[in-house]
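Asker: A single structure is presented below for examination.
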Amino acid sequence: MNGHIFLEIASVLGLAAILGAVGMMLRQPLIVAFLATGIIAGPSALNLIQSYDQIQLLAHIGISLLLFLVGLKLDLRLMRSTGPVALATGMGQVIFTSLFGFIIVYAMGFSIVGSLYVSVALTFSSTIIIVKLLSDKKEIDSLHGRIAVGFLIVQDIVAILSMIVLLAIGSQGGDGISITNIVLIAGKGFGLLACVGILARYVLPGLTKMLAWNQELLVLFAIAWAVMLASTGEYLGFSKEIGAFLGGVSLASTQYREAIGARLVGLRDFLLLFFFIDLGARLDLVSIGHQISNSIYLSLFVLIGNPLVVMAIMGFMGYRRRTGFMAGLTVAQISEFSLILGALGLSLGHIDAGAMSIITLVGVITICMSTYMIVYSGTLYRWLASPLKLFERKHPYREEETTGVCLVPEVDVLLIGLGNYGSGLAEHLLERKKRIAGVDFNPMALQAWRSRGIPVIFGDVGDPEFLDNLPLDCSAWVVSTVRERELNLTLLHLLKERRYDGKIALAAKDEEEAKDYSARGSHVVLRPFDDASEEAADSLTGAMHLLPEDIDWPLGLREIRIRKGSVFAGQRIGDLNLRAETGISIMAVSRAGRVFLETDPDFRLFPGDRIIAMGEPDALRRAEDMLQQVEDHDTQTLPKRFAMAEVLVGPSSPNLSKSFADIRFRKRYGATVIGIIRGEIRIPMPKPDERLQSGDRLIVLGAPAPIEAIKEMSPL
């Protein structure tokens, strides 16, 4: 019998893996694949599943673990940071969907209780799916991403409260609820909350700190704690899911919640597989067939109505229509909570298989459709931007403080993207006395840079109206550190459309992207991965050859890199006077993979060199600080850019019929000929043996002073 069960579960898991791979290729969440697995493995198709009790047990554990992790991730600080908009949109959407959903479902012929269940199930959106999609699109820290996560937390809390109420009603059977029962339920609930609160405040922080010395033991304790509270919740009549949720909440305030959550996510996903398989296997395809038309109507209500109400609320509160649209798309589906709620109602006898079928069908349809809507949200917004003006105030004041003009008369660089690479680039530009303005869609990053006095602007490259809020007229360069090809190409296209006359730099992931950007007009292509990996390889190579495995002496070795722009670049080691200044000695220098072990005082240092220095720890730190100094250029004395001119070769020019090699043009005039216009012919980068003809127009490039002198000679 046990071998039969093992083979049965192995077959179901294999089918789930195959369907999951198909779903991944179709860019669908695994929930859809797992439901399809249950339907195919159930009695309606292959009839693989016979051990319903065992699968149902795993399903219950999976749901409990899901609720535990929801409680563990319940971050009320995030709710405070997103402000009233999360509460307003979350509650507004729940009230709208449940009210109008009830009217629609009741009109379809369902009972009052059935209509209530279905309408409430339509209100919840999947936190798991939305967070995954937003994370994949790098939008989880954007303004609309933070607002969406905020109101999804509101929905999760409403879902938990709904389950508590329904369980309380269900536990009383058909006799209704008396005042005595209400008081008894409330007393047990408050008693459980009080006990958990006391333990969370005085016991759990110290206990988890003690157990954190061993990660496996900490995770084992978390699972045991979740199961114990789940059992307590079931014993008190609230269900094991509610108890597990409280177990998560009680650990949410500890500093180890992220470590616990990270280790349990995989287990949660595996066990939830059995819930969706069990749900799919129990679906009656005959009853589903009768509900297809109703499911389509309700799916359209969720796909269109839910985003509209979020956009209306956010527009009223002063947000731009794009922010409202992007946040609204995240509620265009129902969630795993909806299916759990339906399964709960079915087990309590509140709804029949028909109501459960319609909830499941709406779930499958909306999850499938909304996934594509979120993945292609940028394209959808470009199509709908004009009619969506209805959802935007004339002055969207909520975002005005993060948009606008330059806070300085002129900036050298408008830096788009203040993530890890962008922030590092900004730091180095500031060291070189460059004036920058930053652009990002992460409010936290903007606040961090604003606190340092750097002008920052809220913006998203995916927004067609993005450039309308940027100070292009006072920016010499636009630099994008965004490493998404489509977004960079969109930026390049929009800059050309607006006739931006400055220079453009884009960050590329690989050589193919770099060539594409250059061909389309990017003046400079940044290669973050290549640059970092090359520097890391140089550093590692030097360390392999130079740093000993062990040194039993009160001295240390440290590798110090001579940066580009260093005040010591080009100087001799003897001129640095490092031993007198800091007390360290230079043992060797690594340069481009070659190691110089014998460095005399005349040895010159160049940018990129890696010095292996020996000395006491404090002396090494002083030496590193000294060698890391960047040269302070007087930007006012440097030419801002090369000059270019067109020079005519006259019929009496002494240079006629001479080649550039004969003339020695660069040495004689201090400029370079980069092209010749000869009638209808264009000759780029002429060769040294190219001979001048009367009427030739030379395109010359060089420093401003020589170019002005050449202009005065025209015709040459």
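The values are calculated or read from the model by the stated rules, or taken from the named source; none is laboratory data. Keep in mind the model is a prediction, meaning the values are calculated, not measured. Cβ atoms come from the backbone with ideal geometry, glycine included; neighbour counts cover every protein chain shown.
Asker: Scan the stretch 321-365 for residues that are of a type outside the set (Val, Ile, Thr) and not in a helix (DSSP H, G or I) and jot them down. Spell out the reasoning first.
Answerer: Taking the stretch 321-365 first, the residues of a type outside the set (Val, Ile, Thr) are 321-322, 324-329, 332-333, 335-339, 341-350, 352-357, 361, 363.
Selection gives 332, 333, 335, 349, 350, 352.
Asker: When the stretch 684-711 is examined, which residues are found to be without any contact (Cβ under 8 Å) to a residue 40 or more places away in the chain and surrounded by fewer than 15 Cβ atoms within 10 Å (Cβ to Cβ)? It would help to see each step written out before you state the result.
Answerer: Initial filter on the stretch 684-711 (without any contact (Cβ under 8 Å) to a residue 40 or more places away in the chain): 684-691, 705-706.
Within the stretch 684-711, 684, 685, 687, 688, 689, 705 meet the criteria.
Asker: Turning to a different aspect of this structure: Name every residue in the stretch 272-328 that is at pLDDT 90 or above and over 33 Å from the mean Cα position of the chain (by Cα), in order of residue number.
Answerer: Within the stretch 272-328, just 297 meets the criteria.
Asker: Using the structure shown, decide if residue 107 is surrounded by 19 or more Cβ atoms within 10 Å (Cβ to Cβ), at pLDDT 80 or above and over 25 Å from residue 311 (Cα atoms). Steps first, please.
Answerer: Numbers: surrounded by 19 or more Cβ atoms within 10 Å (Cβ to Cβ): no; at pLDDT 80 or above: yes; over 25 Å from residue 311 (Cα atoms): yes.
Here the answer is no, as residue 107 does not meet what is asked.
Asker: Just to be sure before I move on: is residue 645 modelled with pLDDT under 85 and surrounded by 14 or more Cβ atoms within 10 Å (Cβ to Cβ) in the structure I sent?
Answerer: yes
Asker: Another one. Among the residues that make up the stretch 176-188, is at least one of them assigned to a helix (DSSP H, G or I), at pLDDT 80 or above and surrounded by fewer than 20 Cβ atoms within 10 Å (Cβ to Cβ)? Let's see the steps before the verdict.
Answerer: Just the residues of the stretch 176-188 that are assigned to a helix (DSSP H, G or I), to begin with: 179-188.
Remaining after also requiring at pLDDT 80 or above: 187-188.
Next, from what is left, pick out any that are surrounded by fewer than 20 Cβ atoms within 10 Å (Cβ to Cβ): 187-188.
Checked against the condition, which is being assigned to a helix (DSSP H, G or I), at pLDDT 80 or above and surrounded by fewer than 20 Cβ atoms within 10 Å (Cβ to Cβ), the stretch 176-188 yields at least one hit.
Asker: To continue, here is another question. In this structure, is residue 294 in contact (Cβ under 8 Å) with a residue 40 or more places away in the chain, under 22 Å from residue 126 (Cβ atoms), surrounded by fewer than 22 Cβ atoms within 10 Å (Cβ to Cβ) and not aromatic (Phe, Trp, Tyr)? Steps first, answer last, please.
Answerer: Working: in contact (Cβ under 8 Å) with a residue 40 or more places away in the chain: yes; under 22 Å from residue 126 (Cβ atoms): yes; surrounded by fewer than 22 Cβ atoms within 10 Å (Cβ to Cβ): yes; not aromatic (Phe, Trp, Tyr): yes.
Taking the combined requirement at face value, the residue satisfies it.
Asker: Then there is this: Pairs only if they're at least six apart or on different chains, beta carbon under 6 angstrom, first in the stretch 473-502 and closer than 15 Å to residue 440 by Cβ, second modelled with pLDDT of 85 or more and surrounded by fewer than 16 Cβ atoms within 10 Å (Cβ to Cβ); list them, first residue then second.
Answerer: 483/509
Asker: Out of curiosity, is residue 302 surrounded by fewer than 21 Cβ atoms within 10 Å (Cβ to Cβ) and touching a residue at least 60 places away in the same chain (Cβ under 8 Å)? Before the answer, list the steps.
Answerer: Numbers: surrounded by fewer than 21 Cβ atoms within 10 Å (Cβ to Cβ): no; touching a residue at least 60 places away in the same chain (Cβ under 8 Å): yes.
Taking the combined requirement at face value, the residue does not satisfy it.
Asker: Could you check the stretch 111-133 and list, in sequence order, the residues that are in contact with an Asp or Glu (Cβ under 9 Å, 6 or more places away or on another chain) and among the hydrophobic types (A, V, I, L, M, F, W, C)?
Answerer: Residues satisfying the conditions are 124, 128, 129, 133.
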